[in-house]
Amino acid sequence: MRARSLAIILALIGIAFAAYVEYGTTRAADVERSFGLFVFEAGPWALLLVLALLSPFARTLAAVAIVLLALDVYAYFAVFIATSAPTSAVIYLYKPFYGFALVAAGVLAGFLVARANAPGP
């Protein structure tokens, strides 16, 4: 499977996972679902999808997508399955920022690798 296809598929899986977390999980009756929170949580995945479609760094973005998916699975496990503290849900407020930082680092790494592998003068 090509790296671009893998990055696109993983980005779509990440967006679907963010939708499941926001709209598919059981919640208390007084907790409302929020489209804004879904957009905030799926933001790194949407950015990754656009970059996977348009940038030449698809291999690096596929690796970033795997790390982001692992972060999402960890956050879901920590909040919904093995809740260890009453403040464990706070991870969903920080996770998108970590995601944006990982995508930016992945694009920078892809650029630096491509520049290093480019034929010299």
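The values are calculated or read from the model by the stated rules, or taken from the named source; none is laboratory data. Predicted model only: the values in this text are computed from it and were never measured. When the accessible area is computed, the model is the full protein with side chains, heavy atoms only, and any ligands, DNA or RNA have been set aside. Shrake-Rupley method; radii C 1.70, N 1.55, O 1.52, S 1.80 Å.
Quick notes on this one:
- Where the chain is the region considered: accessible area per residue in Å², 1.4 Å probe: 61
- Element breakdown for the chain at a 1.4 angstrom probe: carbon and sulfur atoms account for 72% of the accessible area.
- Under the criterion of Cα pairs below 8 Å and six or more residues apart, the relative contact order for the chain equals 32 percent.
- Taking the convex hull of the alpha carbon positions in the chain and averaging its projected area over all directions gives 8.5 nm².
- Over the range 44-107, relative contact order from alpha-carbon pairs under 8 Å, at least 6 apart, %: 48
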